[in-house]
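Asks: I have a structure I would like to understand better, so I am pasting it below and will then ask my questions one at a time.
The values are calculated or read from the model by the stated rules, or taken from the named source; none is laboratory data. If you're wondering where the values come from, they're calculated on a predicted model, not measured in any experiment. Every residue, glycine as well, gets a Cβ built from its backbone with ideal geometry; the counts of neighbours run over all protein chains shown. What goes into the accessible areas is simple: the full protein's heavy atoms, side chains included, and nothing from ligands, DNA or RNA. Shrake-Rupley method; radii C 1.70, N 1.55, O 1.52, S 1.80 Å.
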Amino acid sequence: MVDWDERFRTGSYPQAPDPSPVLAGYLEDIPSGRALDIATGTGRNAVFLADEGYAVDAIDQSREGLAITRERATERGVSGRLNLVQADVSSYEFPREQYDLITISFFRALDRFTDIKEALVPGGYLFVEHHLRSTEPTPSGPSSDRYRFGANELLRAGLDLTVLYYDESTEERPEDKRRASVRLLARKTTGPEQSYPGRWDGR
């Protein structure tokens, strides 16, 4: 089992990673308000969202990761908009209809999806990105496919929402750390007629 406190403490995991480009690209179309970042790690998305004006609850089991997140938020002057919660996501009791935006980056929480979606306000947004199983070698991410999504698995899990963006792709990374990943942006709305943001173009 990965000792995340040790990984964060030793710097073997990035301590100031950039937010997801897809999330950043669509953020102007997502209403501001209250956000939840699940498995925040070192605050990749949480600090970014706080900097963009959201009131953010950031959940992680790692005390060390949360300490780094707090330091980054303080450096950016947004610690007052960030509430850090040390908890195990697998057993955490999510509140109902509280969040305008929920983000999950590189943490498999599919068994909690029902509770997570119920934590969104009507019209709230869910952003998820995670590692994929691939027939090609992908050194970046979990060593076991058990912790990766299968093809279209995340898409099927989000079909009770309005899917606004979805992709499955492979990207080349430094030191040949190729990564296969999936990204989903969906809104808690239903019905045959919807509004849609402009297509994200990688800006």
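Asks: Per the 1.4 Å probe, what fraction of the accessible area of segment 41-108, in percent, lies on carbon and sulfur atoms?
Replies: Carbon and sulfur atoms account for 37 percent of the accessible area of segment 41-108.
Asks: What are the extents of the Cα atoms of segment 54-121 along their three principal axes, listed from largest to smallest and rounded to whole Å?
Replies: 35, 23, 19
Asks: Just to be sure I understand the model, the point goes 7 Å from the Cα along the line to the Cβ. What's the resulting Arg146 to Val121 distance in nm?
Replies: Between Arg146 and Val121, the label points sit 4.0 nm apart.
Asks: Sticking with this structure for a sec: Could you give the length gained by full extension between Asn83 and Arg63, i.e. 0.36 nm per residue of separation minus their alpha carbon distance, to one decimal place?
Replies: 5.8 nm
Asks: For Val22, Val163, write out the residues from largest to smallest accessible area, computed with a 1.4 angstrom probe and no ligands counted. Write down the numbers at each step before the final one.
Replies: Working: Val22 5, Val163 45 Å².
Ranking Val22, Val163 by accessible area, largest first, yields Val163, Val22.
Asks: Also, I was wondering about something else. Please give, to one decimal in nm, the separation of the simple spin-label points placed at Tyr166 and Asp201, each 7 Å out from Cα toward the Cβ.
Replies: The two pseudo-label positions are separated by 2.5 nm.
Asks: Further, regarding this structure: Contour minus end-to-end for Ser90 and Arg76, with contour as 0.36 nm per residue of separation and end-to-end as the Cα-Cα distance?
Replies: 2.0 nm
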